[in-house]
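Following: one structure in structure tokens, then a few remarks.
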Amino acid sequence: MQFTLDDGVERTWTVEKIGVIGPGIVGMPMAALLADASIKIGSQKAARVHVIQRNSISSGWKVDAINQGRSVIGGIEPGLDSIVREAVDNNLLSAGFDYSELADADVVLVAIQTDKAGFEPDYGPLFGGLKELAVALQDKPANKIPVIIFESTLAPSSMSTVIKDLFHSYGLIEGRDILLGNSPNRVMPGRLVERVTVSDKLVAGLHKATPTLISHLYRNIVTKGNLFQTNSMTAEVVKTLENAYRDVRIAFSSEIAAYCDFNDIDFYAVREEVNNRLGQTDNACKDPNCVPSGGMLIPMIGVGGHCLPKDGILLQWRQITTQPQPANSMILNARQINDGAPGNAIRLMEKEFGTINGKKVTILGTAYRFNSEDTRNSPSIQMALQLLEKGCAVTLHDNYVKETDQNLLRYEVDSIFTRDLEKAVNTADCLVFATAHQEYFNNSDFFLKHSGGKCIFDGCNIFQRNLFEEDGVAYTGIGRGRKGPTEEFLSFVHQSFLHMETGFANELQDTVDFLNKKYAHDQFNEVDFGDVQRLAASCSTGCVIADTGPDISPPQYQGFSLKLFDLPH
Ligand code: SAJ
């Protein structure tokens, strides 16, 4: 494949060595799939993939594991173990600690976790890795222009400012010595291989040649999804808004469910009907392992994981830190609402079952998502801490999570954690289903058998009310009211959702205008709102961005309107 940069020289693209920095839930499947695909670009030899891992106490073991042909990701990950084994057996995949191995790489994928610190991105670990990469690339062969692809989530404008500047400070000039690109991951624990293979993916860069090169490479592994080419800042905006909008839609549903629970209305009937009216439906009301993608999402005991709690902040970082007054933001409101969810779940339990103080409570599911070992920002841990404060004897159960899990240790809940289901259930007065692991919903008979005298709180839409109530067991859960909704209420929820869609679009348009004014350094790098709508719609978990509209008062129903809309004007 030929490509041309600003010097006008026509070059042939050759890919014989691919580096992948950070074998986590993003880097591990990407490395394995790229190696397994035996990619030949500009050479007769299949490209070899070399993974770089920091030599830390918690993760250094991954190097040996990969070199022995083992995936380093726990939980149920269909396909991943065998792909890693085959790629290592075929001598196409290896791992090590030494960044100098990447000096002659043609492509480097960066899959180091990014985070937020207050209202700013926390690029500590990312920059640690990039500095070592930059040092290694100072010894690159003169004729090579490595393409550095960020799979990591970046706050909008990062690529054209802090990241470009970092490489520049090591004498590596974008568009001359290196090409900076991004293809933000859309992975999902439990479906890592499937997501890369079938999902649409954004491929972007600062130079217009870069997305074409990345597409050419990724076409080998994204075999059933589309690759959408764009500029870096658009990809940064789309990536962060997808999760920010998910967070907003969960907050929306959480407020509606709280109203329903207070008034004994069946939230799931409301959700089905309103999503029908919106034309944004899914199967998640009935299937606890269906990833919700309809308009209204499903409120649970909180919003965990690494991405949703931070990406709204990353999206608005530049505005928040530039403007003197507090930001006028639905995205920030949603954060507060969702952070309050574990406490709301406890209040709902107490409303139904009476005071919980001093009781023995077992939380089933410690990972933040089903069938996974991932405990990052897990609401189960937050709920456990709040229950401990109320004097409860708390047990956390999870068969996927390791006893040495870093978050169990960090929050000092390792001593109340067990993988023994029978023990966890038998000792409890109250069972809280927090994560819809298959192990739980395939075992309803076990829970029925052991639920005598206990109360059951369904915090993750795992069971239907009648399953337990028919056996006389005290059961409640988020959104499990008994009455069907009135037409007036349905219409209010529908109108409120439309109000939220427009409000979110208006907020996003402001962000796009702000970013363009300050950070789009040429026409190629400008963000177009229509493009953002089009690219967000390619997210497989549903991300319909409405058109902007007039700023009008929020709908009300018998004096109730959503806190999500309480924006200072
Ligand atoms: N949640 C709800 N209700 C819902 C959906 C989710 O309460 O209806 C909660 C979950 O229980 C969990 C949290 O939100 O605690 C996050 O779960 P998630 O399934 O929305 O997303 P993640 O964090 O596992 O992965 C997201 C994914 N984004 C989307 O689905 C839009 C994934 O595609 C991204 O690759 C990933 O973030 C990432 O790395 O950014």
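Worth a mention:
- Contact map, the range 290-302: residues that are on the phi > 0 side of the Ramachandran plot and surrounded by 24 or more Cβ atoms within 10 Å (Cβ to Cβ) paired with residues that are in a loop (DSSP other than H, G, I, E, B) and modelled with pLDDT of 95 or more, Cβ distance under 9 Å, separation 6+ or inter-chain. Pairs shown: Gly302/Gly340; Gly302/Tyr368; Gly302/Asn377; Gly302/Ser378; Gly302/Ala434; Gly302/Gly459.
- Among the residues of the range 437-448, the one identified as among the hydrophobic types (A, V, I, L, M, F, W, C) and either under 24 Å from the mean Cα position of the chain (by Cα) or not in a helix (DSSP H, G or I) (or both) is Phe441.
- Per-region count, the range 385-436, residues surrounded by fewer than 16 Cβ atoms within 10 Å (Cβ to Cβ) and part of a strand (DSSP E or B): 1
- Top-ranked residue of the range 348-382 - restricted to ones that are of a type in the set (A, V, I, L, M) and touching a residue at least 40 places away in the same chain (Cβ under 8 Å), ranked as farthest from the ligand (Cβ to nearest atom): Ile356
- Which numbered condition Asp398 misses (of (1) within 16 Å of the ligand (Cβ to nearest atom); (2) within 15 Å of Leu431 (Cα to Cα); (3) out of contact with any Lys or Arg (no Cβ under 8 Å at 6 or more places or on another chain)): (3)
- Within the range 54-72, residues that are in contact (Cβ under 8 Å) with a residue 12 or more places away in the chain and within 20 Å of Leu102 (Cβ to Cβ) have Cβ atoms under 8 Å from residues that are among the charged types (D, E, K, R) and surrounded by 12 or more Cβ atoms within 10 Å (Cβ to Cβ) in these pairs: Gly60/Arg54; Val72/Lys62, counting only partners at least 6 apart in sequence or on another chain.
- The listed residues are Asp165, Asp106, Asp139, and the only one of them that is away from the ligand (no atom under 16 Å from the Cβ), in contact (Cβ under 8 Å) with a residue 60 or more places away in the chain and either more than 30 Å from Asn371 (Cα to Cα) or of a type outside the set (Val, Ile, Thr) (or both) turns out to be Asp106.
- Some residue of the range 550-559 being surrounded by 17 or more Cβ atoms within 10 Å (Cβ to Cβ), modelled with pLDDT of 95 or more and under 29 Å from the mean Cα position of the chain (by Cα): no
- Identification of helices (runs of 4 or more DSSP H) wholly contained in the range 64-170 with 1 or more residues that are under 22 Å from the mean Cα position of the chain (by Cα) and within 27 Å of His521 (Cα to Cα) yields 124-137.
- Residue match in the range 485-508 (condition: within 16 Å of the ligand (Cβ to nearest atom), assigned to a loop (DSSP other than H, G, I, E, B) and touching a strand residue (DSSP E or B) at 6+ places or on another chain (Cβ under 8 Å)): no
- Tally, over the range 478-514, of residues that are farther than 30 Å from Pro156 by Cβ and within 25 Å of the chain's Cα centre (by Cα): 2
- Only residues that are among the aliphatic types (A, V, I, L, M), away from the ligand (no atom under 16 Å from the Cβ) and either part of a loop (DSSP other than H, G, I, E, B) or surrounded by fewer than 22 Cβ atoms within 10 Å (Cβ to Cβ) (or both) were counted in the range 193-226, giving 2.
- Hey, Ile178 touching a residue at least 24 places away in the same chain (Cβ under 8 Å), crowded, with 21+ Cβ neighbours inside 10 Å and out of contact with any strand residue (DSSP E or B) (no Cβ under 9 Å at 6 or more places or on another chain) or not: no
- For the range 174-188, the set of residues classified as closer than 22 Å to Glu526 by Cβ and away from the ligand (no atom under 16 Å from the Cβ) consists of Glu174, Gly175, Leu179, Leu180, Gly181, listed by residue number.
- Qualifying residue in the range 330-347 (condition: within 16 Å of the ligand (Cβ to nearest atom), outside any helix (DSSP H, G or I) and free of Cβ contacts under 8 Å to residues at least 24 places away in the same chain): yes
The values are calculated or read from the model by the stated rules, or taken from the named source; none is laboratory data. Note that the structure is predicted; figures quoted are calculated from it, not measured. In this analysis, Cβ positions are derived from the backbone assuming ideal geometry, glycine residues included, and neighbour counts consider all displayed protein chains.
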